[in-house]
Amino acid sequence: MKTKIKFDYENLLGTFEQKQAIVNSFNLMDDDFFSEVMKDKAACEYVLREITGIKDLTVIDVKIQYALRNIGTHSVTLDVLAEDSNSKLYNIEVQKPDNDYHPRRMRYYQSNIDISYFEKGKKYMEMPDIYLIYITLFDVFKLGDNYYHIKRIIDGHGVESDNGVHEIYLNTAVKTDKPITRLMEYFKNTDADRADFGPLSDKVRNIKNTNQGVNSMSEAVLEMAERYAQKKLDEQNKENQKQLEEQKKENQRKLAQQRQNTIENMRAKGLSEELIMEIIGEQL
């Protein structure tokens, strides 16, 4: 069993063991770690073959955190954009928070990729096929499945209208008897000791267990250190605010008690209620 290394902000970026402890906490649902793994063509190819079912798929190019800049409109940064030997494109996104309408997000990503990869003068038939692959921690459609392949069907005829777009949604939240469940479990629990996912496991192990791999995640480690420091600061501010509120309540309690003691003393001296309230009002 591995020893869990404890660390704080002061030594968060210190020794190899301390940095490795952070990197070991990452899984394939973390943007930075996922992107670093997908840099490896063999690992990316393995993931795409498992998800698409295209067993002879060959990746020839991979771009990570690929920015598509638009003047005057919303720009996007793709987690992974890969191209295979048949010029098909594959956009893979990992998404943790459920804070948007995800199918429309993928629609916008598709439009940006189409514009970027469709050269002037070409016929529409030459547009490359594109696979939009969206992996989440939650069930986007809430239908109790972990693999959804969206197709365009002509209403009333049951015939598919193929425009070259393949939209696939996967999630780690639902377990099914589909083979893809194993891969989704690995995305959520990315253990460096596992070796049953071929080149994907090899790359994960390399990043988590070697000095070169750990250092390749230095930026992500730094960001985690900053988040850790901000979390501690937020916790301290929250505690300070809590103490201030408690002190305020205590002061109000003491003032109320003093007021009540004053009223009791005046009553004991025979002052009327009207006079007592008049005096107390003037004191307030």
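Points worth noting:
- Identification of helices (runs of 4 or more DSSP H) wholly contained in segment 1-63 with 2 or more residues that are modelled with pLDDT under 95 yields 16-25, 31-38.
- Within segment 126-137, one or more residues are surrounded by fewer than 18 Cβ atoms within 10 Å (Cβ to Cβ), at pLDDT 90 or above and under 15 Å from LYS175 (Cα atoms).
- Residue pairs meeting the criteria (Cβ under 8 Å; at least 6 apart or on separate chains; first among the small types (Gly, Ala, Ser), in segment 160-186; second assigned to a strand (DSSP E or B)): SER161/ILE153; SER161/ILE154; GLY164/ILE130; ALA173/THR136
- Contact annotation: residue pairs with Cβ atoms under 7 Å, 6 or more positions apart or on different chains, pairing a residue in segment 113-138 that is free of Cβ contacts under 8 Å to residues at least 60 places away in the same chain with a partner that is among the hydroxyl-bearing types (Ser, Thr, Tyr), are PRO128/SER87; PRO128/TYR117; LEU132/TYR109; TYR134/TYR169.
- Here the condition is being surrounded by 19 or more Cβ atoms within 10 Å (Cβ to Cβ), within 19 Å of the chain's Cα centre (by Cα) and not assigned by TED's automatic domain parsing to the domain that holds ASN211; of ILE64, ILE22, it holds for ILE22 alone.
- Helices (runs of 4 or more DSSP H) enclosed by segment 172-284 - at least 1 residues per element that are at pLDDT 85 or above, closer than 30 Å to HIS149 by Cα and of a type outside the set (S, T, N, Q): 180-188, 198-209
- Those residues of segment 72-101 which are assigned to a loop (DSSP other than H, G, I, E, B) and charged (D, E, K, R), in sequence order: LYS88, LYS96, ASP98, ASP100
The values are calculated or read from the model by the stated rules, or taken from the named source; none is laboratory data. All values reported here derive from a predicted model rather than from experimental measurement. Backbone-built Cβ (ideal geometry, glycine too); neighbour counts: all protein chains shown.
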